[in-house]
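Read the figures in this text as sums done on the coordinates, not as results from a lab. Because the structure is predicted, anything quoted here is derived from the model rather than measured. Cβ sites come from the backbone with ideal geometry, for glycine too, and all protein chains shown count toward neighbours.
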């Protein structure tokens, strides 16, 4: 049984690092079911001028090539957007643990309908950090979700 | 009206470049509706050790940050996987032109149901190149689609 608090804290620290760099504060970590960290990362829109590196895709990029994801869990500070939800389904990642879906969400059912186990932690640090970011930089946030 | 043959040939040449480098032969180009190329690219699993750079996401990465994608068309040599289909929906790209869906497909309805215009060209060069690749390197192809 993985320690959700431990791994969500890693995703949260990635989000906080990105916030402190002036970027979108969303982080993620891909963990094998035996507790090994395969890759972690954060949104790179600002830092890399890169629109496809969200927390989840950044963690997957940093994990590199894997033969299979069937034995992995994705921890993400914020509920996955449609790009990242599609990625989770395509890669057949069976389990996603979400820090919060107060500030953004809506794809949880898409994931569940395709057999992904979805858990939502209501992590107060994730909620507060994201709310602060949306308040401070609404234009950057809307750009990131193509609103 | 965009010249589909012209832009699909660019996607195909990206696919061929990747094939010649030993990679997965799938390419894409993002074009504005007035015919300007915003970004092009190909699958980077082999060349970059990068599992999230498919043709479409590579083109989007190379296009960099955009305020909006509402005035763009994605040309891709192969029908988009779930990651790339989710990305197209998330980014609100309104129109996708697909080289072929003989060797891989299945997400066309997902795109159409979300308002994306989908056209399939049955481009013989794309069909033949992809078929050759799947025949020559089935393990690499199955890794790319997480089979």
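On the stretch given as the stretch A:118-131, residues that are in contact with a helix residue (DSSP H, G or I) (Cβ under 8 Å, 6 or more places away or on another chain), surrounded by fewer than 19 Cβ atoms within 10 Å (Cβ to Cβ) and without any contact (Cβ under 8 Å) to a residue 60 or more places away in the chain total 1. Scanning the stretch A:132-147 for residues being assigned to a helix (DSSP H, G or I) and surrounded by fewer than 18 Cβ atoms within 10 Å (Cβ to Cβ) gives a total of 8. Would you mind listing the helices (runs of 4 or more DSSP H) fully within the stretch A:1-114 where at least 3 residues are within 9 Å of chain B (Cβ to nearest Cβ) and touching a residue at least 24 places away in the same chain (Cβ under 8 Å)? In the stretch A:1-114, the matching helices (runs of 4 or more DSSP H) lie at A:55-63, A:82-90. Counting just the residues of the stretch B:26-50 that are more than 16 Å from residue A:52 (Cα to Cα) and touching a strand residue (DSSP E or B) at 6+ places or on another chain (Cβ under 7 Å), which one comes out surrounded by the fewest Cβ atoms within 10 Å (Cβ to Cβ)? Selected residue: B:33.
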